[in-house]
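Below you'll find the structure, written out as structure tokens, and then a few comments.
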Amino acid sequence: MRLVIIESPYAGDVATNEAYARACVRDSLSRGEAPIASHLLYTLPGILNDLDPEERAWGINAGLAWGRVAQATVVYVDRGISNGMRYGIDRAVAEGRPVEQRKLGGVWS
């Protein structure tokens, strides 16, 4: 399985963005990939508070540390590209990791 980092929006309309991120993870799994969507994992209750800038930075940096083993960064763009996603994209480019854009379409377009 190809290891990939998922980039999708989180902040703003959190409930909708979480549902979208789950759909992105499902799409990635259906393609035979092993995705990490750290913004879903680290924001679960009792882990990190995304509204606290220091804790948000912990989560972003922890997620991006997976770049050492990831084979690609996959950016799902149906809901646009957020500042956090841009940071992840820029980091992937700087580290020489391929960046792929995808759309789910359907209800997300």
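The values are calculated or read from the model by the stated rules, or taken from the named source; none is laboratory data. Since we're looking at a predicted model, the values are computed, not measured. Note that each Cβ is placed from the backbone with ideal geometry, even for glycine, and that neighbours are counted across all protein chains shown.
Scanning segment 91-106 finds no residues that are surrounded by 13 or more Cβ atoms within 10 Å (Cβ to Cβ), assigned to a helix (DSSP H, G or I), modelled with pLDDT of 95 or more and in contact with an Asp or Glu (Cβ under 7 Å, 6 or more places away or on another chain). Here Gly12 meets each of (1) closer than 16 Å to Val77 by Cβ; (2) small (Gly, Ala, Ser); (3) touching a helix residue (DSSP H, G or I) at 6+ places or on another chain (Cβ under 7 Å) with one exception, condition (3). When each of Ala21, Ala34, Ala62, Ala57 is tested for being small (Gly, Ala, Ser) and assigned to a strand (DSSP E or B), the lone residue that passes is Ala34.
Here the condition is being closer than 27 Å to Ser109 by Cα and touching a Leu at 6+ places or on another chain (Cβ under 9 Å); of Val25, Val75, Val93, Val14, it holds for Val25 alone. Considering the conditions (1) within 23 Å of Trp108 (Cα to Cα); (2) out of contact with any Lys or Arg (no Cβ under 6 Å at 6 or more places or on another chain), Glu33 is excluded by exactly one of them, (2). Before we move on, is Val93 without any contact (Cβ under 8 Å) to a residue 60 or more places away in the chain, out of contact with any helix residue (DSSP H, G or I) (no Cβ under 9 Å at 6 or more places or on another chain) and among the β-branched types (Val, Ile, Thr)? So Val93 passes the test.
For (1) at pLDDT below 95; (2) surrounded by 12 or more Cβ atoms within 10 Å (Cβ to Cβ); (3) farther than 16 Å from Lys103 by Cα, each residue gets a yes or a no:
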residue	(1), (2), (3)
Ala11	yes, yes, yes
Tyr20	no, yes, no
Cys24	no, yes, no
His39	yes, yes, yes
Asn49	yes, yes, yes
Ala62	yes, yes, yes
Gly67	yes, yes, yes
Gln71	no, yes, yes
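Scanning segment 80-87 for residues that are in contact with a strand residue (DSSP E or B) (Cβ under 6 Å, 6 or more places away or on another chain) and in a helix (DSSP H, G or I) turns up at least one hit.
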